[in-house]
């Protein structure tokens, strides 16, 4: 068994220490330990949860959110453009990271988005390279549908673009609902076509989501179950849980700092791992990697000095450039024969679906959000609107630290040039509509009425122009970071989210979906009656993240505010890496777990190649 105690580590000299056993971190550790001569230590602050219904059962999706056993339950700082609200920022807590509590949809970005990462100064980080690693991470499990059914549900993945023997099992759920079809038919009536294969670099249109569920067991397939647990027999893989890393220990070697160890807290004691032979890899995720870097003396000198931390490497991009999809839900009461999640309030239906799950069928074997519509800019506004949004894609239009730090401004302007191009492209998604089969359990949703059934469309902006930040708020390493999504720091974002909500309302009002809608509950009728102003108030009152944060240790040139280079080394160091979604410099129009696995896979090959050259 690779689970170890601090005493066990005394006799181990690791080649690599991976700080954070999350989605990318476990992927990296599993691949590195394929070489039995490579010793890897993974240090994780959370638990190894093992078999757990809240994690494993697809229909329990969301039950682990805000549960401190599974979720760090971070909160944002008050959002001044969202009525000063403090907004929940969930992150997975435990081995598997956010792959243990995400909502299971496994999408891919567009080819042009990934190629833009290379254009921002990262040779080798292009579509062809990432497609290889996306495929390497997965096993595609095809649905048992007729050709006509697969076409109707836009569920026709081409095996050429998918893996056949990777650790993560990707499948479709066992329920194919009528309202799912009606959504697609109404979207097509509005000019949005079905897209049966969104994993080939074009991800716009109507599609049924692949989900990270093993169809043979009807259980979540995630980093702990797929990359860690099958490899527990490896004697060179050592996993320390419930150990909170407080800093990376650095040693000067001339022009560069060398990471020689880590300091961590376990059971109230401060301990160390020293004499790391090769690399230390931070895989804390977008919201915690910046905190570890800053506590280690790497970051913006003015921020570190505020908390009495000596600046060892001045890298002002640390913690900046935070981006996440932002959105709000809409809910309608519907007349349907579909068994939506609402029926589970009835004990008879609950018992029925518990029994069905034993046969890998029913609502608990399914993800309640299988149907999606991705919209380009021209589905949200006129040519004049698009010109206005492009004009807003400038640093001067965004209240952000980049206004005063030249390197951050340079990098932001380059990102905005990419975003301007994406606005013009009729196949690049700017918005996502997620259909939830039932009343989506949002804090602002009106109470469900017994016996009634609902459908929801969550409305998200996929390429926000606003930029936020994550920084330490204290020198205390156990204090949570200050997370500032900075919602609507660029005015165009609020307008865009309103337009996405209006797109959802048009869908509710378009046949055949409209034939099933009895009453629109959210947005409230008075908000709709007041037009864009009323909907803007609704968005400010209720908006939240879609749990896809990126960008806070951006992979870009240092002169553009970057934190890591294309080999994932932190600038100013010889062997400190970041391997997680914080390296993604520009938000992607997809759910990010697929990219988190690909980053771990690619990072492993980068490190293996260095060993081979040594």
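Numbers for the structure displayed
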item: Yes/no for residue 90 being at pLDDT 95 or above and under 16 Å from the mean Cα position of the chain (by Cα); result: yes
item: Residue match in the stretch 111-130 (condition: over 30 Å from residue 407 (Cβ atoms) and under 23 Å from the mean Cα position of the chain (by Cα)); result: no
item: Residue in the stretch 459-471 that is surrounded by fewer than 20 Cβ atoms within 10 Å (Cβ to Cβ), at pLDDT 95 or above and either under 18 Å from the mean Cα position of the chain (by Cα) or outside any strand (DSSP E or B) (or both) present; result: no
item: Top-ranked residue of the stretch 503-524 - restricted to ones that are in contact with a strand residue (DSSP E or B) (Cβ under 9 Å, 6 or more places away or on another chain) and assigned to a helix (DSSP H, G or I), ranked as farthest from residue 430 (Cα to Cα); result: 516
item: Positions within the stretch 411-429 being closer than 14 Å to residue 585 by Cα and either at pLDDT below 95 or surrounded by fewer than 18 Cβ atoms within 10 Å (Cβ to Cβ) (or both), in sequence order; result: 413, 417
item: Count - residues of the stretch 172-212 that are part of a strand (DSSP E or B) and surrounded by fewer than 22 Cβ atoms within 10 Å (Cβ to Cβ); result: 1
item: Residue tally, condition outside any loop (DSSP other than H, G, I, E, B), surrounded by fewer than 15 Cβ atoms within 10 Å (Cβ to Cβ) and touching a strand residue (DSSP E or B) at 6+ places or on another chain (Cβ under 9 Å), over the stretch 3-22; result: 2
item: Only one of 322, 350, 356, 344 that is in contact with a helix residue (DSSP H, G or I) (Cβ under 9 Å, 6 or more places away or on another chain), free of Cβ contacts under 8 Å to residues at least 24 places away in the same chain, outside any loop (DSSP other than H, G, I, E, B) and over 29 Å from residue 519 (Cα atoms); result: 356
item: Residues located in the stretch 262-279, provided they are within 20 Å of residue 611 (Cα to Cα) and surrounded by 18 or more Cβ atoms within 10 Å (Cβ to Cβ); result: 276, 278, 279
item: Leading residue by the ranking (nearest to residue 437 (Cα to Cα)) among those in the stretch 332-352 that are touching a strand residue (DSSP E or B) at 6+ places or on another chain (Cβ under 6 Å) and surrounded by 19 or more Cβ atoms within 10 Å (Cβ to Cβ); result: 340
item: In the stretch 389-415, the residues that are under 30 Å from residue 206 (Cβ atoms) and touching a helix residue (DSSP H, G or I) at 6+ places or on another chain (Cβ under 7 Å); result: 389, 390, 392, 393
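Condition check ((1) without any contact (Cβ under 8 Å) to a residue 60 or more places away in the chain; (2) over 25 Å from residue 358 (Cβ atoms); (3) under 20 Å from the mean Cα position of the chain (by Cα); (4) buried (at least 24 other Cβ atoms within 10 Å of the Cβ)) across all residues:
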| residue | (1), (2), (3), (4) |
| --- | --- |
| 24 | no, yes, yes, yes |
| 27 | no, yes, yes, yes |
| 33 | no, yes, no, no |
| 47 | no, yes, no, no |
| 51 | yes, no, no, no |
| 54 | yes, no, yes, no |
| 63 | yes, no, yes, no |
| 66 | yes, yes, yes, no |
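Quick grid of which residues meet (1) assigned to a helix (DSSP H, G or I); (2) without any contact (Cβ under 8 Å) to a residue 40 or more places away in the chain; (3) within 30 Å of residue 36 (Cα to Cα):
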{"position": "224", "(1), (2), (3)": "yes, no, yes"}
{"position": "233", "(1), (2), (3)": "no, yes, yes"}
{"position": "251", "(1), (2), (3)": "no, yes, yes"}
{"position": "258", "(1), (2), (3)": "no, no, yes"}
{"position": "262", "(1), (2), (3)": "no, no, yes"}
{"position": "284", "(1), (2), (3)": "no, no, yes"}
{"position": "294", "(1), (2), (3)": "yes, no, no"}
{"position": "327", "(1), (2), (3)": "no, no, no"}
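The values are calculated or read from the model by the stated rules, or taken from the named source; none is laboratory data. Source: prediction; values computed, not measured. Cβ coordinates were reconstructed from backbone atoms using ideal geometry, including for glycine residues, and neighbour counts include every protein chain displayed.
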